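Working notes for the structure below.
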Amino acid sequence: MIDFLGIIGLLGFIVFLIWGIVRAIRKKKAKKYFLISVGSLILFLVFAIIGGQQMQKEEKAQQAKEAKMQAEREARIEKKTATTASATAKPTLKFVEAAGIIYKMVGETRSADVDMTKAKFIKTSVMEGYLTTKMKDHVYMYADVDKSGEWIQATFDDKDNVVKKVEMSPNLEKKVVASVNKEKATETAKKEETQNKADEQKKQEEQKAKEEAQAKEAEEKRKQEEAARIAEEKRVAEQKQKEQEELQAKQQAEAEQARKEAEEKAQAEAQQQQQQQQSQTVYFKNCTEARAAGAAPVYQGQPGYAKHLDRDGDGVGCDQ
């Protein structure tokens, strides 16, 4: 009701203020409208202050109600006997560690264990040994038996598998957040260290690969140079061998030519000697005997040739 009256006052202030301005522009009496608008503004401010105070009271009442309900929940947890299965068992983890596990499970879709849901995993493994109270469907409250002031409330999805929401006592929340942050910082440092080691190892491997590539390239170059040297030596040796063979062939040819010439010369000399011998055995006194013997003309070197038959000395006897 107060809010409604405040809105009416604000609307009245705006309407009468505009109307007063319009009448003032038209040079008509506008004082009455300005006074009404001021009164509407005052009325709005009064109701706004009253509404604000009333809202604060309602907020305080709501907070007091929530605090009372929280106190009642904690009282129920404190009054719960230690004869339950979880209370009689010895806690497997410290409460802050167990709370941290649940805290980190929020929003996870994969099961913590393949053989059970997360709700069962939390109650039978993580929170074993602590007081467990089912507040309503899919909502469970866990409290430390020795420290009843530390509690945690987990809200699961409809299938009791995924943790949707986690609430805990202020002191416990500080401890859990600090622990999780420390764990994250440690994990981050480990990851950075691992990454740095991996980068260093990668750098060393790249350097080693580079050196190996350079060594391989140098070895390949050496092999190529060695192959080129061997090929050049082989070419030079083959060239020398070829020149030697050509020289030997030339020498053999010259020797063969000299031998042939010697044989021809010896043969010519033998033939000449034979002719001389023959010419010494055949003798013509004059050309008449030569003609009678049918030997004219007689050529030098033939049997029967003699200088007295060749008067003109042209190597042919009895040619006239």
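The values are calculated or read from the model by the stated rules, or taken from the named source; none is laboratory data. Because the structure is predicted, anything quoted here is derived from the model rather than measured. We place every Cβ from the backbone using ideal geometry, glycine too, and count neighbours over all the protein chains shown. Note: accessible area is taken over every heavy atom of the protein model, side chains too, but ligands, DNA and RNA are not part of it. Shrake-Rupley method; radii C 1.70, N 1.55, O 1.52, S 1.80 Å.
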For this session: Would you mind getting me the FRET efficiency between residue 147 and residue 50? Use the beta-carbon distance for r and R0 = 35 Å, nearest 0.05.
Result: 0.20
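Given contacts defined as C-alpha pairs under 8 Å and at least six residues apart, what's the relative contact order of the stretch 183-320, whole-number percent?
Details: 73 pairs, mean separation 18.0, N = 138.
Relative contact order here is 13 percent.
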Exercise. Over the stretch 178-225, what lengths in whole Å, largest first, do the semi-axes of the equivalent ellipsoid take, defined as the square roots of 5 times the eigenvalues of the alpha-carbon gyration tensor?
Worked result: 45, 4, 4
Exercise. Label-point separation (nm) for residue 232 and residue 134, each offset 7 Å from Cα along Cα-to-Cβ?
Worked result: 9.6
Problem set entry | Linear extension gain, residue 200 paired with residue 182, 0.36 nm per residue minus alpha-carbon span | 3.8 nm
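Roughly speaking, what is the stretch gain from residue 217 to residue 42, that is 0.36 nm per residue apart minus the C-alpha to C-alpha distance, in nm to one decimal?
Details: separation 175, 0.36 × 175 = 63.00 nm, distance 9.45 nm.
Here the answer is 53.5 nm.
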Problem set entry | Separation of the residue 65 and residue 263 label points, Cα + 7 Å toward Cβ, nm | 14.5
Problem set entry | Debye-sum result for the stretch 146-246 in log10 I(q)/I(0), which assumes one identical scatterer on each alpha carbon, at q = 0.24 Å⁻¹ | -1.16
Problem set entry | Extension gain, residue 208 back to residue 250 (0.36 nm per residue minus Cα-Cα distance, nm) | 9.0 nm
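Packing-wise, with mean Cβ within 10 Å as the measure, how do 151-158, 215-222 rank, highest first? All intermediate terms of the calculation are to be shown ahead of the outcome.
On the way: 151-158: 19.5, 215-222: 10.0.
By packing density, highest mean first, the sequence is 151-158, 215-222.
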For this session: Run the quick spin-label model on residue 285 and residue 300: label points 7 Å from Cα toward the beta carbon, then report their separation in nm to one decimal.
Result: 2.7
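Using the beta-carbon distance between residue 57 and residue 171 and R0 = 25 Å, what value does 1/(1 + (r/R0)^6) give for FRET efficiency, to the nearest 0.05?
Working: r = 30 Å, r/R0 = 1.19.
Calculated value: 0.25.
Quick one: order 45, 172, 35 from most to least accessible surface, probe 1.4 Å. The partial results should precede the final answer.
Working: 45 90, 172 0, 35 115 Å².
So, going from the largest accessible area down, we get 35, 45, 172.
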For this session: Quick one: order 305, 103, 140, 283 from most to least accessible surface, probe 1.4 Å.
Result: 283, 103, 305, 140
